[in-house]
Structures are given as structure tokens and as C-alpha cells.
1. Which peptide among 52-59, 34-41 comes first, and what is the full order, when sorted by highest mean count of other Cβ atoms within 10 Å?
2. Return the lysines within reach of residue 26: Cα separation strictly under 18 angstrom, same-chain partners fewer than 8 residues apart disregarded; answer none if there are no such residues.
Amino acid sequence: MYSMWVICITPTRIKDGFVKIKGLIKLLVAEYEGIIISAIIVSFCGKQATYLHGASSYEHRKYMAPHLIQ
């Protein structure tokens, strides 16, 4: 999933002059029966992690996957 995001963002990053810094942002996903049902984006700075954004499948809401990822 992360590699798909990198493919999508790379042209914008180059065009706008963003610097790629590995390891500061992570995409974490929860899967159920091989299907991604939730994902969150987390930034890291030193020993601190910050939840930036999340999304989940309405169909699988009973599993409370966003809470499990956090």
C-alpha cells in the first residue's frame, strides 16, 4: 500500500521540490480476510508519534479496526 502512495506522490514531490525523508510518515493498515478495512497515517518525530488521519470500512465497522491500529 505504501509503495502505491509513493508512486502517486513522487511526481508532485519532484514538481513542488519536496524533500523525501524516509521513516517520518507511516501508513498502517488493518486487514480482515485479505481485505484492507482500515488505515491510518502516523508521523514520527524522535520518540513521539502523532496520528494524522484515518479511514475505515463502514461495512466492517463492528471490528473497530481503527482502534486496534492506534
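1. The packing order, highest mean first, is 34-41, 52-59.
2. Within reach: 47.
Each value in this text was obtained by applying a stated rule to the coordinates, not by laboratory testing. Note that the structure is a prediction, hence the values are computed from the model and not measured. Cβ coordinates were reconstructed from backbone atoms using ideal geometry, including for glycine residues, and neighbour counts include every protein chain displayed.
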